[in-house]
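A short write-up of the structure that comes next.
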Amino acid sequence: MLDVRKLRLLRDLADRGTIAAVAAAHNYTPSAVSQQLAALEREAGAALLARTGRGVTLTPAGAVLAAHAEEVFAALERATAALAATRTGLTGPLRIGAFPTAMRTLLPTALATLAREHPGLDLTVDELDPALVPARLRDGSLDVALVHDYDLVPIAPDPALETAPLLDETMYLAATRPLDLAACRDERWILAGPGTLCHTMTIRACEAEGFLPRARHHADDFVTVLTLVAAGQGVAVVPELALRPPSSPSAAAAAATSSGSDPAPVGPSGPGAAPVAPAGVVLTPLRTRRRTRFAYRAGTGAHPSIAAFTAAVRAA
């Protein structure tokens, strides 16, 4: 019988590439990880690792076992979710990840709803770029996250994770005068930080028009980006959520109390409302779109706590 804990180390080695990285992720010594993997080889009756200089790689047998390990972990997650569904009430930690615009526009109302309806949940939120989410879900430091990608920057499927769609957004060119993207070849640009999906998306959108944007400033907060655009510091590409006001948990709660139902979207952030540009900023819709999804470990989507979170965010 194969040991699940040792299987997890093998899967993490396939993902992280080095025994030292696996050891750091699990607070083990590299020697302890090597010993556990050697024991797994004995259990499997096959060589799973091959030495390559000072490191190791997976053998064909190791790669096959690591791929099947994902199915094992997903089955265990489904069993845990089914067990949780037999309990009365939701309790325990729910660790959430979200990107900044979702933190500002969607999560406050959703968190207020969850706190009111499921007071036994211990909710914690980390703000982070979607590119960092998969590793955090894999290592268990997050349970669920809001992530996004773009039609110009799609994210490759991850066998360890599952996603569910939430919303699609229009992307806008923000400037101080009406412009289309092709006319921005000689403009100065306000770009997100290198390495982020937002930065890559803008680069690819401009490349599709035959030029590379010239960066004047780098900023990841879209409120800051729009303030810089209004000040004449450059042009930028921003998503629709960046043009929505922050969500209002108190107003949503009041609406729920008065109507006896779940909170409805409040004010100009409701469905169909036009995006609001800051004074002095002109918005031009672009063809490219941003897709926001829920992400969680494979097999956990039916867990009652995660299902409650996704329902609250959809309501928000």
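The values are calculated or read from the model by the stated rules, or taken from the named source; none is laboratory data. Bear in mind that the values here come from a model prediction, so they are computed numbers and not experimental data. Please note: Cβ atoms are built from the backbone with ideal geometry, for glycine as well, and neighbour counts cover all protein chains shown. Quick note on the areas: whole protein, heavy atoms, side chains included, nothing else; ligands and nucleic acids left out. Shrake-Rupley method; radii C 1.70, N 1.55, O 1.52, S 1.80 Å.
Stretching the chain fully between SER141 and ALA208 yields a gain of 20.4 nm (0.36 nm per residue, less the alpha carbon separation).
For Cα extents along the principal axes in Å, the value computed from the atomic coordinates appears in the list (i) 76, 53, 34; (ii) 68, 54, 28; (iii) 93, 44, 29 under label (ii).
Using a 1.4 Å probe over the heavy atoms of the protein chains, calculate the carbon and sulfur portion of the accessible area of the range 1-138 as a whole percent. With neighbouring chains kept in place, the figure for the range 1-138 is 57 percent. Based on the Kirkwood approach, the hydrodynamic radius assigned to the range 139-185 is 14.4 Å, with every pair of different Cα atoms included. When you count the other C-beta atoms within 10 angstrom of each residue and take the mean per peptide, 2-13, 280-291 line up highest first as 2-13, 280-291. The amide H of VAL282, built 1.01 Å from its N in the peptide plane, has ALA175, THR176, ARG177 as neighbours under 5 Å, considering only residues 5 or more places off or on other chains. The listed peptides 97-109, 49-61, ordered by packing as a protection proxy, come out as 97-109, 49-61 (highest mean of other Cβ atoms within 10 Å first). Helical runs (DSSP H, four residues minimum) scored at -39500 (n - 2.57) apiece and divided by the length of the chain put the mean residue ellipticity at 222 nm at -12500 deg cm²/dmol. Accessible surface computed residue by residue for the range 1-68, with neighbouring protein chains in place and a 1.4 Å probe, gives 58 Å² per residue.
A straight chain from ARG289 to LEU123 at 0.36 nm per residue would run longer than the Cα-Cα distance by 56.7 nm. Classify the range 73-171 from the C-alpha gyration tensor, please: rounded if a/c falls under 1.5, else prolate or oblate depending on whether a/b exceeds b/c. Judged from the Cα gyration tensor, the range 73-171 comes out oblate (a/c at least 1.5, b/c at or above a/b).
Cut-off 19 Å, label point 7 angstrom out along Cα-to-Cβ of VAL276: give me the residues of the range 91-126 whose amide nitrogen falls inside. Taking a point 7 Å out along Cα→Cβ of VAL276, the residues of the range 91-126 whose backbone N falls under 19 Å are 101-110.
What the range 76-168 shows is 47 Å² of accessible area per residue, with the surface traced by a 1.4 Å probe over protein heavy atoms.
As a ratio to 2.2 N^0.38 Å, the alpha-carbon radius of gyration for the range 272-311 is 1.93. At the listed q of 0.14, 0.31 Å⁻¹, the Debye profile of the range 92-137, built from one uniform point per Cα, gives log10 I(q)/I(0) equal to -0.35, -1.12.
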